[in-house]
Amino acid sequence: MKGTNTYATGKRKESVARIWISPGSGQFQVNGKNLLDYFRRQTLEMIIRQPFGVTKTDGQYDVNATVKGGGLTGQAGAMLLGISRALVKVNEELKKPLRDAGFLTRDPREKERKKYGQPGARKHFQFSKR
């Protein structure tokens, strides 16, 4: 990738996204694949592109990402946060619209732990009175 790279990370659930953005034509590369080839869902692509729409910088930056862990939705959320953080590093004036849209806040929700005496976090074994 040409130009100066800006690096940021984003996390959601078990997913971690490492993001490099550089001035370009709006190309996305995720783990060496095209964006739609990797995520395979239009909705996830829309989620990932949201920071560029909010800041009106669509097509101005190339994104190279490495994502690990979790599922596709968690990885998309991690990329959203990472891209937003990288955009703020590039231009500090973009912080307000991204903050107002809620893209700079890490989603704190995590998987609830399994409890002993139960098959899962909330589910209980079947109760028999007699």
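Sequence-ordered 3J(HN,Hα) estimates for segment 23-31 from the Karplus curve with 6.51, -1.76 and 1.60 and θ = phi - 60° stand at x, x, 10, x, 7, 10, 9, 10, 6 Hz, glycine and proline given as x.
Can you flag which of 13/129; 68/114; 33/114; 11/56 are past 31 Å Cα-Cα? In this structure, 13/129; 33/114 lie more than 31 Å apart at Cα. Sites counted here are chymotrypsin sites (Phe, Trp or Tyr not before Pro) in a DSSP loop (not H, G, I, E or B) having no more than 13 other Cβ atoms within 10 Å; the longest part of the chain that contains none of them is 1-115.
Restriction of the GluC sites (Glu not before Pro) in segment 47-130 to DSSP coil positions whose beta-carbon has at most 13 other beta-carbons within 10 angstrom yields 110, 112.
Listing 9, 105 from fewest to most neighbouring C-beta atoms within 10 Å gives 105, 9. Filter the trypsin sites (Lys or Arg not before Pro) in segment 2-63 to those in DSSP coil with at most 11 other Cβ atoms within 10 Å of their Cβ, and list the result. Filter output for segment 2-63: 2, 40, 56.
Computed on the chain, the Cα convex hull volume stands at 127 Å³ per residue.
The numbers here are math on the coordinates, done by the rules we state, and not lab data. All figures in this text were calculated on a predicted structure; none of them were measured in a lab. Because the Cβ atoms are built from the backbone with ideal geometry, glycine has one as well, and the counts that use them run over all protein chains shown.
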